[in-house]
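S.K.: My questions all concern the structure below.
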Amino acid sequence: MEVQKEAQRIMTLSVWKMYHSRMQRGGLRLHRSLQLSLVMRSARELYLSAKVEALEPEVSLPPALPSDPRLHPPREAESTAETATPDGEHPSPEPMDTQEAPTAEETSAYCGPRPAKVSRKRRSSSLSDGGDAGLVPSKKARLEEKEEEEGASSEVADRLQPPPAQAEGAFPNLARVLQRRFSGLLNCSPAAPPTAPPACEAKPACRPADSMLNVLVRAVVAF
Amino acid sequence: ILSSSCHTEADIISTVEFNHTGELLATGDKGGRVVIFQREQESKNQVHRRGEYNVYSTFQSHEPEFDYLKSLEIEEKINKIRWLPQQNAAYFLLSTNDKTVKLWKVSERDKRPEGYNLKDEEGRLRDPATITTLRVPVLRPMDLMVEATPRRVFANAHTYHINSISVNSDYETYMSADDLRINLWNFEITNQSFNIVDIKPANMEELTEVITAAEFHPHHCNTFVYSSSKGTIRLCDMRASALCDRHTKFFEEPEDPSNRSFFSEIISSISDVKFSHSGRYIMTRDYLTVKVWDLNMENRPIETYQVHDYLRSKLCSLYENDCIFDKFECVWNGSDSVIMTGSYNNFFRMFDRNTKRDVTLEASRENSKPRAILKPRKVCVGGKRRKDEISVDSLDFSKKILHTAWHPSENIIAVAATNNLYIFQDKVN
């Protein structure tokens, strides 16, 4: 439990740092973003393995698949939200953001429109060779395993904002925790930018933590 | 044993570099300025006083810019300065910020022409009707003026942030490295550069490492090395192929499983790589150690020095305060027998490769008066703290020494402590 808490704390901290690194002069730094996502990934793995151990005896799992179709169409509407930027920069290995990365490459603020057709093909297979194995959710985490079986995208897909209570995806508890903690941080931090970034970011509290989870799994900022 | 000879104020110093003779010392700061110090000629009546460094020239190298296409501000902070070897009376240096490299010419003017026919002494045109005689202008001495002029601007070649520049031993080319690419330039050509390394993956989502530093071999103009965020070094030979994506040598030390921790990956990122003057070794700096590698042995370094191992148990706090991302540099002395690097609390460390002795010194005004001898410092790691020791928890992490330089042939070092520059040299008996 201690381990879980610590891992959560580090994840929240990392997300916070990522968010703020976008505000600094000189723009997003690729190396820094990479390092933050590495820590995020380690924290996530730690959290998951601790959680899995805790949940082992449990039976129920949130069904991830049904939520997906619901999520695709609304996604595109949100294309210009700057909230999406951290997401866009850290798209998950799961389908949705694959398309965006090339278009987002040359822009640090990722605001491009989402492609109409979103590939649902799991890219984890392309990642599993080479040194990227760590970026693919490990089989150990049961929640992810179920995702893979269903061929659905996990936490990432949820770019749009279903209300927090409905947050689906692979890590509902984590999502809620992050959202709670992160929105709290956003609201009370003295360093928060005075001008509200456009669109969705105006309501950070409503932002699903799931979209924050994008940064967990992706190693890179799409420039 | 070193004594302090002078120190000066500036904004936060971001790079320090001696020129090839050690006569000049350049510093760059966060405000985009370059300040060059020149060593005084040793005078006969002060035999025991070595030449001190005084300000020679100050100029604004880079200004803040705005990239309208990406809505990004480009910082004017000088990331690196590298000198060219002197080939005539003028001095040349390269300075770079995140995006643009500039070649500066620094030259002296101590004479000026006087006695123009068409202009008066202030330079105003004369009324032609008043000119009745012809004369030849003569050069008359004037107060020494040092002027810096930008001779070349090498821009628009880097999508990512430039972390290194390195002048080739052919003195005709140099390279600039950003997170994902390394470009080769000819000094005369500013509108083209040749891409020699490109590690950008086709799909950015698959990126796992970035380039952190790069340097040319001191003698072989076809050879260079670059370090990565994964703690590896690649040596490349430009004769092998046009695009040096495939390395000639790959230096990596297997990870020590007992040292594995949550932050292992990020502390293994190499922040600086330097060839020895001999060209036989390379030195790398990661967050906690300095390593010396033999070019002929790729599987592990030949020497590893602990800079501040007492921080290993504090990595989480250092992550919280962002210190874990600090990029320390490292330097060789002229004979490659001693290496130096910075730490926190304005401490810097020197390691003698032959005697295996090391020393921790502090760059601070309270502790060093001019011409006083620096006292070795010690960090207490636990248990009883002796009188002179400082405990790990009392270290000031805002006082970090990231940039240092060593004179090419003498025991003179320059240490940048935030916005102060300290110059220390051997005491002459």
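S.K.: Quick one: is residue B:221 open to solvent by less than 10 Å² (accessible area, probe 1.4 Å), assigned to a loop (DSSP other than H, G, I, E, B) and in contact with a strand residue (DSSP E or B) (Cβ under 8 Å, 6 or more places away or on another chain)?
M.R.: Details: open to solvent by less than 10 Å² (accessible area, probe 1.4 Å): no; assigned to a loop (DSSP other than H, G, I, E, B): yes; in contact with a strand residue (DSSP E or B) (Cβ under 8 Å, 6 or more places away or on another chain): yes.
For residue B:221, the condition - open to solvent by less than 10 Å² (accessible area, probe 1.4 Å), assigned to a loop (DSSP other than H, G, I, E, B) and in contact with a strand residue (DSSP E or B) (Cβ under 8 Å, 6 or more places away or on another chain) - is not met.
S.K.: If a residue must be open to solvent by 10 Å² or more (accessible area, probe 1.4 Å) and under 22 Å from residue B:272 (Cα atoms), how many such residues does the range A:36-57 contain?
M.R.: Number of matching residues: 1.
S.K.: If you don't mind, there's one more thing I want to ask. Please go through (1) over 23 Å from the mean Cα position of the chain (by Cα); (2) outside the structural domain of residue B:237 (by the TED database); (3) among the polar types (S, T, N, Q) for residue B:149 and return the number of the only condition it doesn't satisfy.
M.R.: Against the list (1) over 23 Å from the mean Cα position of the chain (by Cα); (2) outside the structural domain of residue B:237 (by the TED database); (3) among the polar types (S, T, N, Q), residue B:149 comes up short only on (1).
S.K.: While we're looking at this one, here's another question. Please count how many residues of the range B:202-232 are more than 12 Å from chain A (Cβ to nearest Cβ) and out of contact with any Lys or Arg (no Cβ under 8 Å at 6 or more places or on another chain). Break it down into steps so the answer makes sense when it comes.
M.R.: If we filter the range B:202-232 for residues that are more than 12 Å from chain A (Cβ to nearest Cβ), which is where we start, we get B:214-226, B:231.
Going one step further and asking which of them are out of contact with any Lys or Arg (no Cβ under 8 Å at 6 or more places or on another chain), we end up with B:214, B:216-221, B:223-224, B:231.
Residues that pass the stated criteria total 10.
S.K.: Inspect the range B:327-345 for any residue being touching a Lys or Arg at 6+ places or on another chain (Cβ under 6 Å), assigned to a loop (DSSP other than H, G, I, E, B) and open to solvent by 20 Å² or more (accessible area, probe 1.4 Å) and give the result as yes or no.
M.R.: yes
S.K.: Take the residues of the range B:62-115 that are more than 14 Å from chain A (Cβ to nearest Cβ) and more than 28 Å from residue B:18 (Cβ to Cβ): which is farthest from the chain's Cα centre (by Cα)?
M.R.: Looking only at the range B:62-115, we keep the residues that are more than 14 Å from chain A (Cβ to nearest Cβ), and these are B:80-95, B:101-115.
Imposing the further condition that a residue be more than 28 Å from residue B:18 (Cβ to Cβ) reduces the set to B:111-115.
Values: B:111: 33, B:112: 35, B:113: 38, B:114: 41, B:115: 45 Å.
Among them, the one singled out is B:115.
S.K.: Kindly indicate whether residue B:364 is open to solvent by 10 Å² or more (accessible area, probe 1.4 Å) and either out of contact with any helix residue (DSSP H, G or I) (no Cβ under 6 Å at 6 or more places or on another chain) or touching a residue at least 60 places away in the same chain (Cβ under 8 Å) (or both). Even if it seems obvious, please write down each step before you answer.
M.R.: Working: open to solvent by 10 Å² or more (accessible area, probe 1.4 Å): no; either out of contact with any helix residue (DSSP H, G or I) (no Cβ under 6 Å at 6 or more places or on another chain) or touching a residue at least 60 places away in the same chain (Cβ under 8 Å) (or both): yes.
No.
S.K.: In this structure, is residue B:342 assigned by the TED database to the domain that holds residue B:289 and touching a Cys at 6+ places or on another chain (Cβ under 9 Å)?
M.R.: Values: assigned by the TED database to the domain that holds residue B:289: yes; touching a Cys at 6+ places or on another chain (Cβ under 9 Å): yes.
Judged against the criteria, residue B:342 is a match.
S.K.: Now for a separate question. Would it be correct to say that residue B:248 is away from every other protein chain (no Cβ under 14 Å), modelled with pLDDT under 95 and under 25 Å from residue B:332 (Cβ atoms)?
M.R.: On the way: away from every other protein chain (no Cβ under 14 Å): yes; modelled with pLDDT under 95: yes; under 25 Å from residue B:332 (Cβ atoms): yes.
When the stated conditions are applied, residue B:248 passes them.
S.K.: Additional query: Could you please let me know if residue B:402 is in contact with a Phe, Trp or Tyr (Cβ under 7 Å, 6 or more places away or on another chain) and surrounded by 19 or more Cβ atoms within 10 Å (Cβ to Cβ)? First the steps, then the outcome.
M.R.: Working: in contact with a Phe, Trp or Tyr (Cβ under 7 Å, 6 or more places away or on another chain): yes; surrounded by 19 or more Cβ atoms within 10 Å (Cβ to Cβ): yes.
It is true that residue B:402 is in contact with a Phe, Trp or Tyr (Cβ under 7 Å, 6 or more places away or on another chain) and surrounded by 19 or more Cβ atoms within 10 Å (Cβ to Cβ).
S.K.: Going by the structure shown, is residue B:257 more than 14 Å from chain A (Cβ to nearest Cβ) and modelled with pLDDT under 95? I'd like the intermediate steps shown before the answer.
M.R.: Values: more than 14 Å from chain A (Cβ to nearest Cβ): yes; modelled with pLDDT under 95: yes.
The answer is yes for residue B:257.
S.K.: List the helices (runs of 4 or more DSSP H) that sit entirely inside the range A:1-111 and contain at least 3 residues that are modelled with pLDDT under 50 and touching a Pro at 6+ places or on another chain (Cβ under 9 Å).
M.R.: Details: elements: A:2-21, A:30-55, A:67-77, A:84-89, A:100-104.
Of the helices (runs of 4 or more DSSP H) lying wholly inside the range A:1-111, those with at least 3 residues that are modelled with pLDDT under 50 and touching a Pro at 6+ places or on another chain (Cβ under 9 Å) span A:67-77, A:100-104.
S.K.: Here's a follow-up. Considering the range B:153-180 alone, what residues qualify as being within 17 Å of residue B:87 (Cα to Cα) and either open to solvent by 50 Å² or more (accessible area, probe 1.4 Å) or without any contact (Cβ under 8 Å) to a residue 12 or more places away in the chain (or both)?
M.R.: Step one: list which residues in the range B:153-180 are within 17 Å of residue B:87 (Cα to Cα), which gives B:167-174.
B:170, B:171, B:172 - these are the residues of the range B:153-180 that are within 17 Å of residue B:87 (Cα to Cα) and either open to solvent by 50 Å² or more (accessible area, probe 1.4 Å) or without any contact (Cβ under 8 Å) to a residue 12 or more places away in the chain (or both).
S.K.: Working carefully through the options B:313, B:335, B:317, find the one that is within 14 Å of chain A (Cβ to nearest Cβ) and among the small types (Gly, Ala, Ser).
M.R.: Within the list B:313, B:335, B:317, the selection yields B:317.
S.K.: If we scan the range B:389-397, do we find a residue that is assigned by the TED database to the domain that holds residue B:284 and in contact (Cβ under 8 Å) with a residue 60 or more places away in the chain?
M.R.: Step one: list which residues in the range B:389-397 are assigned by the TED database to the domain that holds residue B:284, which gives B:389-397.
Remaining after also requiring in contact (Cβ under 8 Å) with a residue 60 or more places away in the chain: B:392, B:397.
So far as the range B:389-397 goes, yes, one or more of its residues are assigned by the TED database to the domain that holds residue B:284 and in contact (Cβ under 8 Å) with a residue 60 or more places away in the chain.
S.K.: I'd like the full set of residues that are among the aliphatic types (A, V, I, L, M), within 13 Å of chain B (Cβ to nearest Cβ) and farther than 30 Å from residue B:76 by Cα, limited to the range A:1-49.
M.R.: Those that are among the aliphatic types (A, V, I, L, M), within 13 Å of chain B (Cβ to nearest Cβ) and farther than 30 Å from residue B:76 by Cα: A:3, A:7, A:10, A:11, A:40, A:43, A:46.
S.K.: Related question: In this structure, does residue B:283 turn out to be hydrophobic (A, V, I, L, M, F, W, C), assigned by the TED database to the domain that holds residue B:349 and open to solvent by 20 Å² or more (accessible area, probe 1.4 Å)? If you could, list the steps in order and put the result at the bottom.
M.R.: On the way: hydrophobic (A, V, I, L, M, F, W, C): yes; assigned by the TED database to the domain that holds residue B:349: yes; open to solvent by 20 Å² or more (accessible area, probe 1.4 Å): no.
When the stated conditions are applied, residue B:283 does not pass them.
S.K.: Could you list, in sequence order, the residues of the range B:303-326 that are in contact (Cβ under 8 Å) with a residue 60 or more places away in the chain and assigned to a helix (DSSP H, G or I)?
M.R.: Hits for the range B:303-326 are B:310, B:311, B:314, B:318, B:323, B:324.
S.K.: Out of B:384, B:369, I need the residue that is in contact (Cβ under 8 Å) with a residue 60 or more places away in the chain, basic (Lys, Arg) and surrounded by fewer than 21 Cβ atoms within 10 Å (Cβ to Cβ). Which one?
M.R.: Numbers: B:384 fails: in contact (Cβ under 8 Å) with a residue 60 or more places away in the chain.
After applying the criteria, what remains is B:369.
S.K.: Take the range B:128-149 and flag every residue that is open to solvent by 90 Å² or more (accessible area, probe 1.4 Å) and in a loop (DSSP other than H, G, I, E, B).
M.R.: Scanning the range B:128-149 gives B:132, B:133, B:134, B:135, B:136.
Residues are listed down the side, and each one gets a yes or a no for (1) in a helix (DSSP H, G or I); (2) assigned by the TED database to the domain that holds residue B:306; (3) over 22 Å from residue B:327 (Cβ atoms); (4) out of contact with any Pro (no Cβ under 9 Å at 6 or more places or on another chain):
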position	(1), (2), (3), (4)
B:188	no, no, yes, yes
B:197	no, no, no, yes
B:200	no, no, no, yes
B:205	yes, no, yes, no
B:208	no, no, no, no
B:231	no, no, no, yes
B:273	no, yes, no, yes
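The values are calculated or read from the model by the stated rules, or taken from the named source; none is laboratory data. Remember, predicted model here, so these are calculated numbers, not experimental data. Positions of Cβ are backbone-derived with ideal geometry, glycine not excepted, and every protein chain shown enters the neighbour counts. Keep in mind that these areas ignore ligands, DNA and RNA; they rest on the heavy atoms of the full protein, side chains included. Shrake-Rupley method; radii C 1.70, N 1.55, O 1.52, S 1.80 Å.
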